[in-house]
1. Test W82 against the stated conditions and say whether it is over 19 Å from N233 (Cα atoms) and modelled with pLDDT of 75 or more.
2. Name every residue in region 294-311 that is surrounded by fewer than 17 Cβ atoms within 10 Å (Cβ to Cβ), assigned to a helix (DSSP H, G or I) and not aromatic (F, W, Y), in order of residue number.
3. Based on this model, can you work out whether Y457 counts as more than 16 Å from T395 (Cβ to Cβ), touching a Phe, Trp or Tyr at 6+ places or on another chain (Cβ under 9 Å) and not aliphatic (A, V, I, L, M)?
4. I'm trying to understand the selection: among the residues of region 254-289, which are among the hydroxyl-bearing types (S, T, Y), modelled with pLDDT under 75 and either assigned to a helix (DSSP H, G or I) or out of contact with any helix residue (DSSP H, G or I) (no Cβ under 8 Å at 6 or more places or on another chain) (or both)?
5. Within region 219-229, is even one residue modelled with pLDDT of 85 or more, buried (at least 17 other Cβ atoms within 10 Å of the Cβ) and either under 23 Å from the mean Cα position of the chain (by Cα) or outside any helix (DSSP H, G or I) (or both)?
6. Please enumerate the residues belonging to region 404-449 that are open to solvent by 40 Å² or more (accessible area, probe 1.4 Å), modelled with pLDDT of 65 or more and among the charged types (D, E, K, R).
7. Can you pull out every residue in region 339-370 that is assigned to a helix (DSSP H, G or I) and either free of Cβ contacts under 8 Å to residues at least 24 places away in the same chain or among the aliphatic types (A, V, I, L, M) (or both)?
8. Being part of a helix (DSSP H, G or I) and either without any contact (Cβ under 8 Å) to a residue 24 or more places away in the chain or out of contact with any Gly (no Cβ under 7 Å at 6 or more places or on another chain) (or both) is the filter here, so list the residues in region 324-338 that pass it.
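The values are calculated or read from the model by the stated rules, or taken from the named source; none is laboratory data. Being a predicted model, the structure only gives us computed values, none of them experimental. Because the Cβ atoms are built from the backbone with ideal geometry, glycine has one as well, and the counts that use them run over all protein chains shown. For accessibility, only protein heavy atoms count, side chains too; no ligands or nucleic acids. Shrake-Rupley method; radii C 1.70, N 1.55, O 1.52, S 1.80 Å.
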Amino acid sequence: MNKYRLYRLLTEQQELKDKRHPMFEKNRFMKILMWFMVLYYAAILLLMGAMLPMGFSGMYPGVAAFHVLDGALPWLLLVDFWIRFIVQETPAQQVRQYSLLPVRRTFLMNMYLLRTAFSAGNLFWGFMLVPFGAICVLPLMGWGGFLSWLLGWWLLCVANGLCYLLCRALCMKSFLWLLVPLAVHGGIVALMLVPDKNPLDMPCTMLMYEFAKGSLIYIIGAAALIALFYWANYALQMRMVCNEVAKKEEVELKSTTQMNYLNRWGALGEYLKMEVKLRMRNSQVRMQFLVGIALIVFFSVVQYFSDVYSGAFMSSFVCMYDYIILGMMTLIIIMCYEGNYIDGLMARRESIYALLRAKYYFNTALLIFPFLIVMPLIVTGRSSLWMNLGYMFMTAGVMYPMIFQMAVYNNNTLPLNQKLTGKQGNTMQQVISFVALFLPIALEKLLVLLLGDVWGYVALIVVGCIGIATHRLWLRNIYERFMARRYANMDGFRASRNS
């Protein structure tokens with residue numbers, strides 16, 4: 001089989017991966033919701049592309065509107081970088097299933113790197129840039145300048161995506177590598193916000209203007225930057241994948257924590273111990289927890305030192321994100337890690353019910369961490385106490401019951417320690433994540449509009465308390481539905497355990 005036919009075959013398999021997943025195949029609503037979310041965000045970008053020229057045209061006398069947008073280049077690239085953590089996998093995560101086949105790993109890595117670097121996702125910003133450029137760039141620079149300007153944006157997005165792939169691979173190797181993009185991006189944000197005049201505004205404007213003029217040296221420079229990031233990704237991910245597939249790892253002795261104070265709770269206490277040790281001993285779960293804490297601290301620091309999130313929508317989004325992120329990272333894939341030892345869990349009567357209760361109590365207790373982290377913001381008046389209480393209780397009483405429903409349908413085992421070559425979540429889980437991120441904001445805005453600021457958040461607290469008070473009822477319902485389809489779920493866990 002030649003390389004072209006092999007490429008076509010692997011591409012078809014990649015496209016069928018999500019479509020053939022049992023949860024996604026049986027749920028037509030999730031398919032419709034997925035396409036709705038894509039069209040929804042595309043429509044938002046289209047609206048922004050049509051409306052921003054009017055807002056930018058008179059912002060600075062004598063300055064073209066597209067120069068104003070070009071000056072905001074760092075902001076767009078920063079947003080693009082961090083969004084990729086939610087929606088994009090590293091190529092190494094897609095190589096494992098072919099590691100035992102007579103296919104050269106170098107071919108697989110190059111293929112997935114090229115498909116990831118030049119994927120259609122890098123064109124998504126075009127929904128905003130094309131109408132914006134058609135209104136602002138085309139009349140001034142002509143078709144050549146308009147297309148060159150779009151090419152410059154696209155090349156920078158590709159380079160940004162490859163930079164993300166490199167950072168994510170390093171972060172999977174060690175959590176401390178996450179400090180590098182946080183420090184670099186934090187320095188860039190501080191450089192743009194702290195001085196009275198943004199020193200990056202003019203260089204970014206001139207860079208994009210050179211792209212619009214079709215300057216060959218700048219296009220070659222961007223292509224060289226892409227090639228450099230590509231080579232770094234290839235070298236790093238090939239080395240890390242080979243080590244992980246070969247099970248090459250450093251083993252160090254660790255002391256065992258007994259947590260005897262939980263023994264008084266019987267089986268529930270044992271499962272609470274398991275939740276703690278799941279995050280302490282398994283690198284994949286520990287990474288998720290530490291990343292969640294780091295994101296909460298990052299957003300809190302940005303809120304404390306700047307007003308970038310002071311808007312009504314962004315303040316609500318960041319507040320809600322702080323409380324839901326720790327639980328959502330593990331609960332959206334609830335039972336997937338337990339699929340590694342599901343047979344042992346099913347050996348005892350109602351052990352799954354005790355496990356679900358332990359997961360709910362543990363994740364509810366974790367809500368104290370974001371509350372303590374944002375306490376300086378509450379004290380200084382940069383964040384509302386009622387808003388924080390409302391989202392904290394709504395997360396425990398409304399959002400957790402919704403996300404816990406995934407325990408009935410998840411039947412795909414995820415590895416506990418494999419970071420690069422381990423399987424990832426499916427499309428349905430990603431869609432549920434987006435719903436969990438934006439549904440609370442819609443409910444909060446509705447209640448605040450109807451009842452006012454304070455009483456709207458009081459209503460959120462009351463609704464959350466009702467969900468918390470009735471947790472045994474809805475957890476029992478989830479348990480009974482899980483047991484009704486236990487054999488199908490166990491077959492899925494076993495089949496995907498070593499695939």
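1. Values: over 19 Å from N233 (Cα atoms): no; modelled with pLDDT of 75 or more: yes.
Judged against the criteria, W82 is not a match.
2. Let us first name the residues in region 294-311 that are surrounded by fewer than 17 Cβ atoms within 10 Å (Cβ to Cβ), namely 294, 297-298, 301, 304-308, 310-311.
Then drop every residue that is not assigned to a helix (DSSP H, G or I), which leaves 294, 297-298, 301, 304-305.
Within region 294-311, A294, V297, V301 meet the criteria.
3. Values: more than 16 Å from T395 (Cβ to Cβ): no; touching a Phe, Trp or Tyr at 6+ places or on another chain (Cβ under 9 Å): yes; not aliphatic (A, V, I, L, M): yes.
Against the criterion (more than 16 Å from T395 (Cβ to Cβ), touching a Phe, Trp or Tyr at 6+ places or on another chain (Cβ under 9 Å) and not aliphatic (A, V, I, L, M)), Y457 does not qualify.
4. Of the residues in region 254-289, the ones among the hydroxyl-bearing types (S, T, Y) are 255-257, 261, 271, 283.
With modelled with pLDDT under 75 added as a condition, the list becomes 255-257, 261, 283.
Selection gives S255, T256, Y261, S283.
5. Among the residues of region 219-229, at least one is modelled with pLDDT of 85 or more, buried (at least 17 other Cβ atoms within 10 Å of the Cβ) and either under 23 Å from the mean Cα position of the chain (by Cα) or outside any helix (DSSP H, G or I) (or both), which makes the answer yes.
6. Within region 404-449, K445 is the sole residue that qualifies.
7. Initial filter on region 339-370 (assigned to a helix (DSSP H, G or I)): 339-345, 351-365, 368-370.
Passing the criteria: Y341, I342, G344, L345, I352, A354, L355, L356, A358, A365, I368.
8. Taking region 324-338 as the starting set, the residues that turn out to be part of a helix (DSSP H, G or I) are 324-331, 338.
Selection gives I324, G327, M328, T330, L331, E338.
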